[in-house]
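Take a look at the structure below.
The values are calculated or read from the model by the stated rules, or taken from the named source; none is laboratory data. As the structure is a computational prediction, the values presented were derived from the model and not from experiment. Cβ: placed from backbone, ideal geometry, glycine included. Neighbour counts: every protein chain shown. To get the accessible areas, we keep the full protein, side chains included, count just its heavy atoms, and leave off ligands, DNA and RNA. Shrake-Rupley method; radii C 1.70, N 1.55, O 1.52, S 1.80 Å.
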Amino acid sequence: MEFGQVPGLTTPVSRIVQGTIMLRVDAIDQGYALLDAAFEAGYNTFDTAHGYGGGDCERVLGRWIKDRDIRDKVVILTKGAHHNADRRRVTPFDITADLHDSLARLGTDYVDLYLLHRDDPAVPVGPIVDVLNEHFEAGRIRVFGGSNWSHVRLAEANAYAAARGVKPFGASSPNFSLAEQVEEPWDNCISIAGPSQSEARAWYLDNKMPVFAWSSLAGGFFSGRFTRASMDAMPDDCPDIPVRCYRSEDNLKRLDRVHELAAKKGVSVPQVAVAYVLHHPMDTYALVAPVNSAEIRDTAAAASLVLTDEEMAWLDLREEA
């Protein structure tokens, strides 16, 4: 496993981050086994959220960390202030309420990385930055940032912080993978993948902001389960995220090339796709959600897979063979 350093954290951050969406309190033994396998494979950073599993994902993760006595060895990334069916919730009240819920479920007095799960561009950034700084000053958050925040809003938030001499957003979690989204999988998602998002990626490069890329395997598009033939065989109204959100001719070309390069190198399709994310010039961390020890070990191997600049350009269609 390779590790990065996020400014504001003393614990190194694994470049591949284990997701927790599959954890359930009523299957805690299986959850512990999965987390043990991830930790043994080198993953020390775990992605969760206030809204995942009705709170179960945070509860199981927190219990596992406590039972294994490894709080100082792991990095917790959790998210809050997701909108619900009734209203948008990026408010100081909701941020505070969700953070306290998460701390209680996780059984810890601080979160390493706290990200706002959604944004509300209609809300001024000032009160948001102010309340996050209150929690930072109280020791509840080490680093905060946004998930599904546009680079424009991140820049606004950090300009506000700079003008007042307070802590800025220090991390972001947009979608980023080799595939370009053709439809957002859920409402209010932000992607920085594909040719159309070059300006956003340039902003991240210029500002050196760590990127925690969700759906780094494009919602399973690069899981190894799909080929061009199998994707073409699926009906247009198929609701599955790989079909609905990623099936396009350019993405199918990328999928063809991932399969070809994986075969040439003797590695798996997910390893090539994750390595692409990790080799991008941005300060990237790949969020993944392997569901068993074999998938965990396979994905972890992507951290040591080397891709040349020429291979990167060929994979994302900037160059032909």
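General remarks:
- Cα point-scatterer Debye curve for region 1-111, base-10 log of I(q)/I(0) at q = 0.11 Å⁻¹: -0.35
- Rounded Å value of the spacing that divides the Cα centres of region 222-255 and region 197-211: 28
- Accessible area of His50 in the full protein assembly, 1.4 Å probe (Å², nearest 10): 40
- Extension gain, Trp186 to Asp101: 0.36 nm times the residue separation minus the Cα-Cα distance gives 28.2 nm.
- Restricting attention to the chain, close to 5% of DSSP beta bridges with both partner residues there are antiparallel.
- As a ratio to 2.2 N^0.38 Å, the alpha-carbon radius of gyration computed for the chain takes the value 0.97.
- Dividing the mean sequence gap of close Cα pairs (under 8 Å, 6+ apart) by how many residues region 122-227 holds gives a relative contact order of 25 percent.
- Summing charges over neighbours of Gly19, with a neighbour being any other residue whose Cβ is under 12 Å away from its Cβ, gives -1 when K and R count +1 and D and E count -1.
- Dipole magnitude of the chain about its Cα centre (Cβ charges: Lys, Arg +1; Asp, Glu -1), debye to nearest 20: 560
- Between the beta carbons of Ser293 and Val25, assuming R0 = 22 Å, the FRET efficiency works out to 0.55 to the nearest 0.05.
- Shape of region 223-321, Cα gyration tensor, a/c cut at 1.5: oblate
- Solvent-accessible surface (1.4 angstrom probe) belonging to Arg201, in square angstrom, nearest 10: 40
- Reachable lysines from Lys265, criterion Cα separation under 26 angstrom, eight or more residues apart if same chain: Lys253
- Cross-link partners of Lys264 among aspartates and glutamates, defined as those whose alpha carbon lies under 20 angstrom from its own and excluding same-chain residues fewer than eight positions apart: Asp256, Asp298, Asp309, Glu310, Glu311, Asp316, Glu319, Glu320.
- Contact order for the chain, expressed relative to its length and based on alpha carbon pairs under 8 Å spaced 6+ residues apart, stands at 17 percent.
- At 1.306 mPa s and 10 °C, Stokes D of region 40-81 from Kirkwood alpha-carbon radius, µm² per second: 147
- Over region 88-131, relative contact order from alpha-carbon pairs under 8 Å, at least 6 apart, %: 62
- Rounded if a/c under 1.5, otherwise prolate or oblate - region 73-180, Cα gyration tensor axes: rounded
- Pairwise Cα inverse-distance average, inverted: Kirkwood Rh of region 136-210 (Å): 13.5
- Accessible surface computed residue by residue for region 40-98, with neighbouring protein chains in place and a 1.4 Å probe, gives 41 Å² per residue.
- Backbone N atoms of region 182-200 closer than 11 Å to the 7 Å Cα→Cβ label point of Ala313 are not found in any residue.
- Other residues within the sphere of radius under 12 Å centred on the Cβ of Leu205, judged by their own Cβ, net out at -1 (K and R +1, D and E -1).
- Cα-Cα over 24 Å, subset of Lys167/Lys208; Lys66/Lys167; Lys79/Lys167: Lys66/Lys167
- Amide N proximity, region 254-289 versus Asp232 label position 7 Å along Cα-to-Cβ, cut-off under 17 Å: 254-260
- With helices as the sole contributors, the chain gives -12500 deg cm²/dmol at 222 nm; each DSSP H run of n ≥ 4 counts as -39500 (n - 2.57), and the sum is divided by every residue.
- Euclidean distance between Cα centres, region 102-131 to region 295-321, Å: 33
- Our compactness index for region 144-255, the C-alpha radius of gyration over the empirical 2.2 N^0.38 Å, is 1.23.
- Percent carbon-and-sulfur accessible area, the chain, ignoring ligands, DNA and RNA, probe 1.4 Å: 51
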